[in-house]
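Chemist: One structure coming up, written as structure tokens, with questions to follow.
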Amino acid sequence: MSHVFINYRSDDADEAATLIETGLSARFGTDAIFRAGKSILPGESFEDALLRGARSCSVLLAVMGPDWSLSPLLHDPDDWVRREIIEAWAYGATVISVMKGRKSDRLEGSHLPPELRRLANDQSMILDHRDDGSSLRRIGDRIAQLVPALKEADTSAEPAGSVANAAQQTDGPVVQTRDVGGDAGTVIKDNHGQVHTGRGNIHKDSYNYGAGSFTVQGDNHGGISSRVERPSHDEDHR
């Protein structure tokens, strides 16, 4: 079952509907979002699929271009855009008008057939393809509020305490972990630059041949510099 049904007129809001479906599918999973162009399979009854989707969804997004309410098709009982909205209401779904573009006007009830006039009284949302994706995120946030199953499936929120890291020009493996409760150790092989750790300054400029170690205990609040000269030939083979 698809929790979200995207309702649109192909010559009015096809691109906007595709943008919404792609964004919400990435966030909640492709099976959770119904859009006719994607969800109706070859050989499947168009009418059965649309009615089943509209009747079983939790949220119907009615995507509207600037002249949506002026279409004479809305007054035709056989118009699919109209039928899908009415079916969704009849089966208890929340219908949200999504206005395409920031300049879209609110719906005027006088332009709509009586069966759809409640759309003019309900709060709508805006999809602006020119923004940074914030309008699409708000649509997704509202859907997550309305559908508990999608809130659990939501991939947009990072878990608390998450760790971010970027590593470049790495010749070996990079391992990241969280919630280290004891000692943490770092092994660096074949290093030719500086190694820096702690809250102070640590400078390395050394040649190190053979076994050895350098240990700093306690908090480091200042600078530590170390220079170890290259050992002599005799020392190198002790």
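The values are calculated or read from the model by the stated rules, or taken from the named source; none is laboratory data. Because the structure is a prediction, the values reported are computed rather than measured. Positions of Cβ are backbone-derived with ideal geometry, glycine not excepted, and every protein chain shown enters the neighbour counts.
Chemist: Which condition breaks for TRP68 when tested against (1) closer than 23 Å to PRO148 by Cα; (2) touching a residue at least 40 places away in the same chain (Cβ under 8 Å)?
Modeler: With (1) closer than 23 Å to PRO148 by Cα; (2) touching a residue at least 40 places away in the same chain (Cβ under 8 Å) applied to TRP68, the lone miss is (1).
Chemist: Which residue out of ALA26, ALA62, ALA93 is touching a residue at least 40 places away in the same chain (Cβ under 8 Å) and surrounded by fewer than 20 Cβ atoms within 10 Å (Cβ to Cβ)?
Modeler: ALA26
Chemist: So, in the range 58-81, of the ones that are part of a loop (DSSP other than H, G, I, E, B) and either among the basic types (Lys, Arg) or closer than 13 Å to ASP11 by Cα (or both), which residue ends up modelled with the highest pLDDT?
Modeler: Narrowing the range 58-81 to residues part of a loop (DSSP other than H, G, I, E, B): 58, 65-67, 71, 76-79.
Imposing the further condition that a residue be either among the basic types (Lys, Arg) or closer than 13 Å to ASP11 by Cα (or both) reduces the set to 65-67, 71.
Values: GLY65: 91, PRO66: 87, ASP67: 88, SER71: 94.
Filtering first and then ranking leaves SER71.
Chemist: Quick one: is ALA26 closer than 23 Å to ARG130 by Cα and aliphatic (A, V, I, L, M)? Reasoning before the result, please.
Modeler: On the way: closer than 23 Å to ARG130 by Cα: yes; aliphatic (A, V, I, L, M): yes.
Taking the combined requirement at face value, the residue satisfies it.
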